[in-house]
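Heads up, the thing below is written out as structure tokens.
The values are calculated or read from the model by the stated rules, or taken from the named source; none is laboratory data. No experiment lies behind these values; they were computed from the predicted model shown. In this analysis, Cβ positions are derived from the backbone assuming ideal geometry, glycine residues included, and neighbour counts consider all displayed protein chains. Protein only, heavy atoms only, side chains kept; ligands, DNA and RNA dropped before computing areas. Shrake-Rupley method; radii C 1.70, N 1.55, O 1.52, S 1.80 Å.
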Amino acid sequence: MNIFVILKQTFDTEEKISIQDGKIAEDGVKFIINPYDEYAVEEALRQKEQLGGSVTVVSVGPARVAEALRTALAMGADEAILIQNDDSESDEFTISSLLAAYFRDQAFDVILGGYFSVDNGASQTAVRLARLLDIPHASAITHLQITSNQATVTRDAEGDTETIEIRLPALFTAQQGLNEPRYPSLPGIMKAKKKPFLTLEPKQLHGIEAEIAPKTVRTALSLPAERKSGRILLGTIQEQTVELVHLLRNEDKVI
Ligand SMILES: Cc1cc2nc3c(=O)[nH]c(=O)nc-3n(C[C@H](O)[C@H](O)[C@H](O)COP(=O)(O)OP(=O)(O)OC[C@H]3O[C@@H](n4cnc5c(N)ncnc54)[C@H](O)[C@@H]3O)c2cc1C
């Protein structure tokens, strides 16, 4: 079973985001594997443990992304591919086109990705990749069972649970609850240093002669409005009620 995971390196969800010159500042920021992609890596490893085969992790991004790929290798993936792309304005069209160009030269049974990235949150890249490769996909899966050339998945359909059958090769995106990702072990970290790690330039990819420049342009980026500090109303219940109604009507203008 040739299993691939497309993973993105994202900001640590604990990081405080700041904006400089219209872009998110990356100086001193801690990066992690996108949490949904960690579920994808874990699922790939579990499927390999049951069915045999190999797990390859693939990411598009700048050189710093190597750290996320090495973490996946330390978790147990067999091989990592970094498609080097330093353009921070890349959009889902560019990223999925680069990934598709890579996958067109690979023999794969299953591609796993995350339901969405916690920093940008487009939920597009994986689905676009499935479309470009002309393979079926199921998003937000919470269970995956593979039998020969067919998969049965349970997916989270906005709170309802849907079970579907899909013929392989296929692409799946992982929802929270799919599994509990393992931590890299110390021997895993040591072994990861010796595992195959390939860095590719976009021009080395087959069929990338076509236009892959972003199709969208971000024209503005702003942080959410700062939350006002809470206020404690004083006085009798009647006085507090009158004050509350006054504030809701005249300050927040919600009634
Ligand atoms: C601050 C910032 C700086 C960035 N700088 C760069 C840069 O220098 N170079 C660059 O190439 N991109 C960069 N990007 C990433 C790029 O903009 C996004 O990866 C791309 O537009 C995908 O959209 P998304 O993040 O909303 O992912 P979504 O579409 O929400 O992701 C869904 C799933 O698709 C897969 N996926 C998403 N992105 C990738 C990826 N890059 N590689 C492999 N799998 C992926 C993952 O499985 C993910 O869970 C940057 C993003 C941010 C927020």
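Tabulated data
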item: Exclusive hit being of a type in the set (G, A, S), more than 10 Å from the ligand (Cβ to nearest atom), open to solvent by less than 30 Å² (accessible area, probe 1.4 Å) and touching a residue at least 12 places away in the same chain (Cβ under 8 Å), set A170, A126; result: A170
item: Residue within the range 127-147 that is in the same structural domain as E14 (by TED's automatic domain parsing) and on the phi > 0 side of the Ramachandran plot present; result: yes
item: Residue list for the range 81-107, restricted to those being assigned to a loop (DSSP other than H, G, I, E, B), touching a Leu at 6+ places or on another chain (Cβ under 9 Å) and more than 6 Å from the ligand (Cβ to nearest atom); result: R104, D105
item: Residue identified as open to solvent by less than 10 Å² (accessible area, probe 1.4 Å), closer than 18 Å to L7 by Cα, hydrophobic (A, V, I, L, M, F, W, C) and under 19 Å from the mean Cα position of the chain (by Cα) among A192, A140; result: A140
item: Top-ranked residue of the range 76-117 - restricted to ones that are closer than 29 Å to K191 by Cα and among the β-branched types (V, I, T), ranked as surrounded by the fewest Cβ atoms within 10 Å (Cβ to Cβ); result: I81
item: Those residues of the range 1-49 which are more than 12 Å from the ligand (Cβ to nearest atom), touching a residue at least 60 places away in the same chain (Cβ under 8 Å) and in contact with a Phe, Trp or Tyr (Cβ under 7 Å, 6 or more places away or on another chain), in sequence order; result: N2
item: Selected residue (criterion: farthest from the ligand (Cβ to nearest atom)) from residues of the range 50-59 that are open to solvent by 20 Å² or more (accessible area, probe 1.4 Å) and of a type outside the set (S, T, Y); result: G52
item: Options S229, S222: the member that is surrounded by fewer than 11 Cβ atoms within 10 Å (Cβ to Cβ) and touching a residue at least 24 places away in the same chain (Cβ under 8 Å); result: S222
item: Hey, G230 assigned to a loop (DSSP other than H, G, I, E, B), over 26 Å from the mean Cα position of the chain (by Cα) and at pLDDT below 95 or not; result: yes
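Yes or no, residue by residue, for (1) part of a loop (DSSP other than H, G, I, E, B); (2) in the same structural domain as A122 (by TED's automatic domain parsing); (3) surrounded by 12 or more Cβ atoms within 10 Å (Cβ to Cβ):
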| position | (1), (2), (3) |
| --- | --- |
| D156 | no, yes, yes |
| E162 | no, yes, yes |
| G177 | yes, yes, yes |
| Y183 | yes, yes, no |
| P214 | yes, no, yes |
